[in-house]
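Step one of this worksheet: look at the structure below.
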Amino acid sequence: MSVPNTKNRTIGDAPRARPQTPSAKLPQFILDWAGLAPFFLFALAFLFIPSFSIFVRSFQANDGSFTLNNIVALFTQRDIINAYKTSLQISAITAVGGALFGFLLAQAVILGGLPRNLRTFLLTFSGVASNFAGVPLAFAFVATMGNAGLVTGWIEAIFDLDLRQMGFSIYRMTGLSIVYMYFQFPLMVLIMAPALDGLRREWREACENLGGSTLHYWRYVALPILLPSLLGTTILLFGNAFGAYATAYAFSGSFINLVTILIGAQIQGDVLYNPGLGNALALGMIVIMSITMLGYTIMQRRAARWVR
Amino acid sequence: MRDTSVFAPWATVRAFFQRLRPEEGRRKSNVWSWFIFILGMIYFFLPLYATFVFSLKMIKDRYTFEAYKVAFQDPNFFSHFGYSVLWAILTIVISLLLIVPTAYWVHWRTPRLRPVVEFITLMPFVVPAVVLTFGLIRAYGSPPIVLIGSPALLIAGYVTLSLPYMFRAVDTGLRSIDVRTLTEAALSLGAGWRVILTQVIFPNLRVAILSGVFLTFAIVMGEFTFASLLAWPAFGPYMEEIGAMRAYTPQALSVVSFLLTWGSIGLLQLVSRGAGQEQIAGAH
C-alpha cells in the first residue's frame, strides 16, 4: 500500500511536531478510510453485490417485474419445503450430537485427569479433522460403511446379515449425519477447550469449601458459566452443517435432498424452471445463516464475561 | 468407646471407605475419561484405517499399492493437482496483499473500524460457498460486468473463503507487537510505507502469516464447491469425478488428500506453537 502520507514523513533532521493542525483533520479522516479502500472494494464486489443481487432477484418475476411469488413458493412448494426440512433436521441432529460428544471429549481430556500429551494430540488432531471434509471425507466413509465397507463387512460377518438386501442404505440422513459428525465434534473440541481451561480451580475449591459435591459444582457453577459457550458453539455447528455442500454431494449425490444440493443443481441447470425461485432459495439460506451467526455472536458476548 | 463395640466393624468399614473414597472417585472419573477418549479415537481413526485398507485391496485377495499406481499414472491427476496448487498460490498472494495492509492499517490508524472489518471477514460463515457461487454467477454472468470466462470469480471465492483465517491469524500477530511504536520509529527514521510494511511489520508477522498461509493452502487444495460449480479444473472435482468412475482409486486419493491436510495443519501447529491460535472449520 503506497499511501502518500507526506504529513508524517520527516523532511530534514528535525521530527515534526506531534499535534496536528485542525485543517489536517478532514484529509486525515479520508486517509483513514482510503487505507481500507482495497479491502472494502473487494468485499463490496465479491460479497455484498452478489448477496444483494440474490436479494433483489428473489423479488423479481421472469420478466423483471416485482413479485412476492418466489417467497411464497418457498413456503408452499413441496420439494423446497422438504429440502429445508431435511437440511434443518440434519443440521440440528449433528449440531446437538457433535456438541454433546465434543464437550464430553474436551472435558475428558482437559479436566478428566488424562495425561497431558493426549490433550495436545487431541487438539492437533481436531484441527486436522475439522478441516478434513468434503470429497475425501465422503470417500473415507464409503470405505468404512459403504456396501463394501470395513464396518459393514464386520457387521455382516458378526450378525450374518445382508444389509443391502434388507434395504438398508447409508446414503441417507442417518449415514450423512454420521459423516457430518466427523467435522462437527472436532470443532466443538477446538472451541470448548479454551472455555474449559478458563474454569478456575478457585471456583471448584470455593464450592467444595461450602460443602458442595461434584454434582453441585457442575450444576451451579461450571455449567452456568459454560452455558453461553456451549449454546453458542452448538449454534455455530448448526450453521456449519447447514452450509455444507461438498461432503453431501460427494457422499449421497442426489439421494438426499438438501437445500445446498438443490442450489447446486439450480446453478448447473435451471432445475426449478424459475430463476427467481432459485434466488429465493439462496436468500432463505442467507437469512437462516444470518440468524445463526447472530445467535452465536450474542452467546459469545455472554461467554466473554468470564474470560479474562 | 466400648459400648459402641457393636458398631465397631461398621465404623472400621466406613473409615476404610472414607479413606478410599477420594481416590475411588478419581479412578472412576478417570475410567470414564479414558472411555470417552478411546471412543473418540475409534471414531477418528476407524474411517482413516478403513480408507487405507480399502485403497490397498484393488487386486483381489492381496494387499497392494496398485490403486496408488493407477491414481498417479493418470495424467489428469497431475494437471488437476497442479491447477489446485496454482489456485492456492494465487489465493494466498491476493489474500495476503489484501489482508496484511488492511489489518495493519486497522491496528495503526483506525482501531474504531476493527469490528467492521472483522465482521466482513466473517461473512463467508453467513454466505455459504454454494450460495456465494450462485450470487457470483448471477451478478457477473451477464453484462454490464462479465467475469465468468476468467478465473477471477474462482480466486475471488477462494480469497473470500480464506478471509476469516487470514484476518484472524494476522490480527493475532499484530496484537502481540506494538504496531504504533514500530511504525512511528520507522517513520522517524525516514522509512517509506513500502519499507515499513516489508521490513518492519512483515518480519514480525512471519509466524502469523505462515499459519494463515498453511490453512488457506489446505482449504483450497481440497475445495470442491467453487471449482465444481464454476467449472474450473481442480483437485476436488477431479477426486469426485474419479469417485464416480472407479472403485479403489478414490480411496487412494483420499489418503493423499488427508496426508496433505495433515501436513499443512501439522506445519501450522509447528509454526504457531505457543501462539495460542485456534482455527475454525474449513470448506465442507
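The values are calculated or read from the model by the stated rules, or taken from the named source; none is laboratory data. The shown structure was predicted, so the numbers you read here are calculated from the model rather than taken from an experiment. In this analysis, Cβ positions are derived from the backbone assuming ideal geometry, glycine residues included, and neighbour counts consider all displayed protein chains.
Of the conditions (1) of a type outside the set (Ser, Thr, Tyr); (2) within 13 Å of chain B (Cβ to nearest Cβ); (3) surrounded by 16 or more Cβ atoms within 10 Å (Cβ to Cβ); (4) over 21 Å from A:Ala304 (Cα atoms), A:Gly232 fails just one. Which one is it?
Of everything listed in (1) of a type outside the set (Ser, Thr, Tyr); (2) within 13 Å of chain B (Cβ to nearest Cβ); (3) surrounded by 16 or more Cβ atoms within 10 Å (Cβ to Cβ); (4) over 21 Å from A:Ala304 (Cα atoms), A:Gly232 misses just condition (4).
May I ask you to verify whether B:Ser228 is in a helix (DSSP H, G or I), in the same structural domain as B:Leu97 (by TED's automatic domain parsing) and at pLDDT 90 or above? So that I can check it myself, show each step before the final result.
On the way: in a helix (DSSP H, G or I): yes; in the same structural domain as B:Leu97 (by TED's automatic domain parsing): yes; at pLDDT 90 or above: yes.
Here the answer is yes, as B:Ser228 does meet what is asked.
Which of the residues belonging to region A:137-196 are among the charged types (D, E, K, R) and part of a loop (DSSP other than H, G, I, E, B)? Spell out how you get there, then give the answer.
Of all residues in region A:137-196, those among the charged types (D, E, K, R) come to A:156, A:160, A:162, A:164, A:172.
Within region A:137-196, A:Asp160, A:Asp162, A:Arg164, A:Arg172 meet the criteria.
One line per residue, one yes/no per condition, for (1) modelled with pLDDT under 90; (2) surrounded by fewer than 16 Cβ atoms within 10 Å (Cβ to Cβ):
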residue	(1), (2)
A:Ser23	yes, yes
A:Ala45	no, no
A:Pro50	no, no
A:Phe59	no, no
A:Phe66	yes, yes
A:Asn70	yes, no
A:Arg78	yes, yes
A:Ile81	no, yes
A:Thr86	no, no
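If you scan region B:129-160, which residues turn out to be under 14 Å from B:Ser228 (Cβ atoms) and either of a type in the set (Ser, Thr, Tyr) or within 17 Å of the chain's Cα centre (by Cα) (or both)?
Hits for region B:129-160 are B:Ala129, B:Thr133, B:Gly157, B:Tyr158.
For the list (1) surrounded by fewer than 17 Cβ atoms within 10 Å (Cβ to Cβ); (2) within 30 Å of B:Gly141 (Cα to Cα), I need the number of the one condition that A:Arg201 fails.
Unmet for A:Arg201, out of (1) surrounded by fewer than 17 Cβ atoms within 10 Å (Cβ to Cβ); (2) within 30 Å of B:Gly141 (Cα to Cα): (2).
Answer yes if at least one residue in region B:203-217 is more than 17 Å from the chain's Cα centre (by Cα), surrounded by 18 or more Cβ atoms within 10 Å (Cβ to Cβ), in contact (Cβ under 8 Å) with a residue 60 or more places away in the chain and on the phi < 0 side of the Ramachandran plot, and no otherwise.
Filtering region B:203-217 down to residues more than 17 Å from the chain's Cα centre (by Cα) leaves B:203-206.
Now restrict to residues that are surrounded by 18 or more Cβ atoms within 10 Å (Cβ to Cβ): B:205.
Subsequent filtering for residues that are in contact (Cβ under 8 Å) with a residue 60 or more places away in the chain retains B:205.
Next, only the ones that are on the phi < 0 side of the Ramachandran plot stay: B:205.
Yes, region B:203-217 contains a residue that is more than 17 Å from the chain's Cα centre (by Cα), surrounded by 18 or more Cβ atoms within 10 Å (Cβ to Cβ), in contact (Cβ under 8 Å) with a residue 60 or more places away in the chain and on the phi < 0 side of the Ramachandran plot.
So A:Phe29 ticks every box in (1) farther than 30 Å from A:Asn240 by Cβ; (2) at pLDDT 85 or above but one. Which box is left unticked?
(2)
Would you confirm whether any residue within region A:75-92 is on the phi > 0 side of the Ramachandran plot and among the charged types (D, E, K, R)?
Pass one, region A:75-92, residues on the phi > 0 side of the Ramachandran plot: none.
Checked region A:75-92: no residue is on the phi > 0 side of the Ramachandran plot and among the charged types (D, E, K, R).
Here is a check on your reading of the model: is A:Asp79 charged (D, E, K, R) and not assigned by TED's automatic domain parsing to the domain that holds A:Arg201? Can you show your working first?
Values: charged (D, E, K, R): yes; not assigned by TED's automatic domain parsing to the domain that holds A:Arg201: no.
Spelling it out, it is not the case that A:Asp79 is charged (D, E, K, R) and not assigned by TED's automatic domain parsing to the domain that holds A:Arg201.
For region A:257-267, does any single residue satisfy the condition of being away from chain B (no Cβ under 14 Å), touching a residue at least 60 places away in the same chain (Cβ under 8 Å) and more than 20 Å from B:Gly236 (Cα to Cα)?
Within region A:257-267, the subset away from chain B (no Cβ under 14 Å) is A:257.
Within this subset, residues satisfying the condition of being touching a residue at least 60 places away in the same chain (Cβ under 8 Å) are A:257.
Next, from what is left, pick out any that are more than 20 Å from B:Gly236 (Cα to Cα): A:257.
Taking every residue of region A:257-267 in turn, at least one turns out to be away from chain B (no Cβ under 14 Å), touching a residue at least 60 places away in the same chain (Cβ under 8 Å) and more than 20 Å from B:Gly236 (Cα to Cα).
Would a scan of region A:94-104 turn up a residue that is more than 21 Å from A:Ala248 (Cβ to Cβ) and without any contact (Cβ under 8 Å) to a residue 60 or more places away in the chain? Lay out the reasoning, then the answer.
Initially, region A:94-104 is screened for residues more than 21 Å from A:Ala248 (Cβ to Cβ), giving A:100, A:103-104.
Going one step further and asking which of them are without any contact (Cβ under 8 Å) to a residue 60 or more places away in the chain, we end up with A:100, A:104.
Yes; the residues of region A:94-104 include at least one that is more than 21 Å from A:Ala248 (Cβ to Cβ) and without any contact (Cβ under 8 Å) to a residue 60 or more places away in the chain.
Counting only residues that are in contact (Cβ under 8 Å) with a residue 60 or more places away in the chain and facing chain B (nearest Cβ under 7 Å), which one in region A:110-156 is nearest to B:Pro250 (Cα to Cα)?
A:Phe139
Based on what the data block shows, is A:Leu199 in contact with a helix residue (DSSP H, G or I) (Cβ under 7 Å, 6 or more places away or on another chain), assigned to a loop (DSSP other than H, G, I, E, B) and within 14 Å of chain B (Cβ to nearest Cβ)? First the steps, then the outcome.
Values: in contact with a helix residue (DSSP H, G or I) (Cβ under 7 Å, 6 or more places away or on another chain): yes; assigned to a loop (DSSP other than H, G, I, E, B): yes; within 14 Å of chain B (Cβ to nearest Cβ): no.
No; evaluated as a whole, the condition is false for this residue.
Restricting attention to helices (runs of 4 or more DSSP H) lying wholly within region A:33-113, give those where 2 or more residues are farther than 30 Å from A:Tyr182 by Cβ and of a type outside the set (Ser, Thr, Tyr).
Numbers: elements: A:49-58, A:69-76, A:78-111.
So the answer is A:49-58, A:69-76.
Being farther than 30 Å from B:Ile148 by Cα and under 20 Å from the mean Cα position of the chain (by Cα), is that true of even one residue in region B:177-188? Reasoning before the result, please.
Looking only at region B:177-188, we keep the residues that are farther than 30 Å from B:Ile148 by Cα, and these are B:177-188.
Right, trim to under 20 Å from the mean Cα position of the chain (by Cα) and you get none.
No, there is no match, as no residue in region B:177-188 is farther than 30 Å from B:Ile148 by Cα and under 20 Å from the mean Cα position of the chain (by Cα).
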